[in-house]
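Single-structure report; data block below.
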Amino acid sequence: VGSGAEIAVGVLEEGFKENMTVKDAKDLVTRAVKSAISRDIMSGDGADFLTITKEGVQEESIKF
């Protein structure tokens, strides 16, 4: 948990919905991280995703 966690968690709590698609969940996480970064310089510059589905595991890194 980093210095931008409170900001990111607020965005996640507001946007979370049951049965979200993987794409919708990634979009929400991206918004949360970008929000934290814009308000807290120590939050970093990207996000790492690890998506686990019935089809397998996918790892992805996104820089902003």
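Where a number appears in this text, it was derived from the coordinates with a stated rule and is not lab data. All values derive from a computational prediction rather than experimental measurement. Please note: Cβ atoms are built from the backbone with ideal geometry, for glycine as well, and neighbour counts cover all protein chains shown.
The label-point distance for Glu6 and Lys54, in a model that sets each label 7 Å from Cα toward Cβ, rounds to 4.2 nm.
Net charge dipole, the chain: roughly 140 debye, given to the nearest 20, about the Cα centre with Cβ charges of +1 for Lys and Arg and -1 for Asp and Glu.
Projecting the Cα positions of Gly56, Gly44, Thr30 onto the charge dipole of region 5-63 (unit charges on Cβ atoms of Lys, Arg, Asp and Glu, taken about the Cα centre) puts Thr30 furthest along the positive direction.
Three principal axis extents of the chain based on alpha-carbon atoms, in descending order, are 37, 23, 18 Å.
Going from the residue with the fewest nearby Cβ atoms within 10 Å to the one with the most, Ser35, Ser61 rank Ser61, Ser35.
The label point for Met42 and the one for Lys26, both projected 7 Å from the Cα toward the Cβ, are 3.1 nm apart. Across region 1-58, the mean sequence separation of Cα contacts (distance under 8 Å, 6 or more residues apart), normalised by length, yields a relative contact order of 37 percent.
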